[in-house]
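Colleague: Take this structure, written in structure tokens, and hold onto it; I'll ask about it next.
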Amino acid sequence: MLRHYYIKVSALLTTHSVWVVIFIHIAGILGLLSPFQHYFRLLTPFNLILSAWVLWVNHQENQSSLMRFSLMAFLSGFAVEWVGVHTGFIFGSYSYGETLGIKIWGVPIIIGLNWLLVMYCVATLTDSLRVPTAIKVLIASLLAVAIDWLIEPVAMYFDFWNWENGVVPVQNFIGWFLTSVWMQTLYHLTKVKAENRLALPFYFIQLFFFLILNLVIR
């Protein structure tokens, strides 16, 4: 019975996926800027989980290779954040707030999924380019850094995480770039060949989401 409903809901998400993602992000903007901001902040992990599900059902190629990449990207994302939080070595000195939910060793579990979503989308966007793999990795990593640049002010404002003295160091963006290079390399080594019609709109919806919040909170 549960499998039956899962298939029906997945089919519905596939048919209306772009509108689902647009609705999620519009609701997020309105909620985060409303008097009920606290409650909408707590929904952030569920937003990430739903976004991952919508992207998953739109994945058109081999699911086993995607599973391998997803597991490695999730664990790599969590690992670099653990090292980052406890040493300041990768990104600089920062700590997580309460918005991203349950933590293990000071790191929200959901942060691994956040890395996976960003890495999957930028990899899918660049995979079809007719250039050497090294160039794909470079472009995808720069796209990842671009979205992090927009995320950082919003993250501090809404207590996703906080930087020492409230300043985002250049080291963070270097760390993001190098981590992205590693994960993009994993993507190509695991031979994920994704045709996902949602990846492009999802990336730009995310960009506009954080851009609008940046404009409002400044």
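Colleague: From the square roots a ≥ b ≥ c of the eigenvalues of the alpha-carbon gyration tensor of the chain, which class results: rounded (a/c under 1.5), prolate (a/b over b/c), or oblate?
Modeller: The shape class here is oblate.
Colleague: What whole number of Å gives the distance from the Cα centroid of segment 52-98 to the Cα centroid of segment 157-186?
Modeller: Going from one Cα centre to the other spans 13 Å.
Colleague: Now a separate question. Please give me the summed charge of the neighbours of residue 129: other residues whose Cβ is under 15 Å from its Cβ, Lys and Arg +1, Asp and Glu -1. Walk me through the numbers on the way to the answer.
Modeller: Values: positive: 130, 136, 193; negative: 127, 195.
That sum, taken over residues with Cβ under 15 Å, equals +1.
Colleague: Among 76, 34, which comes first, then next, by fewest other beta-carbon atoms within 10 Å?
Modeller: 34, 76
Colleague: Still on this structure, please answer the following. Taking the Cα centre of the chain as origin, work out the dipole magnitude from +1 charges on Lys and Arg Cβ and -1 charges on Asp and Glu Cβ, in debye rounded to 20. List each step's numbers first, then the result.
Modeller: Working: 11 positive and 9 negative charges, 119 e Å.
I would put it at about 580 debye.
Colleague: Rounded if a/c is under 1.5, else prolate if a/b beats b/c, else oblate: with a ≥ b ≥ c from the C-alpha gyration tensor eigenvalues square-rooted, which is segment 143-218?
Modeller: Oblate shape, in that a/c is at least 1.5 and b/c is the bigger or equal ratio.
Colleague: Grab the DSSP H runs of the chain that are 4 residues or longer, score each as -39,500 (n - 2.57), total them, divide by all residues and round the 222 nm result to the nearest 500 deg cm²/dmol.
Modeller: That comes out to -24000 deg cm²/dmol.
Just so you know, all these numbers are worked out from the coordinates, no wet-lab data involved. Keep in mind that what you see is a predicted model, and the values were worked out from it rather than measured. Counting neighbours? That spans all protein chains shown, and the Cβs are built from the backbone with ideal geometry, glycine included.
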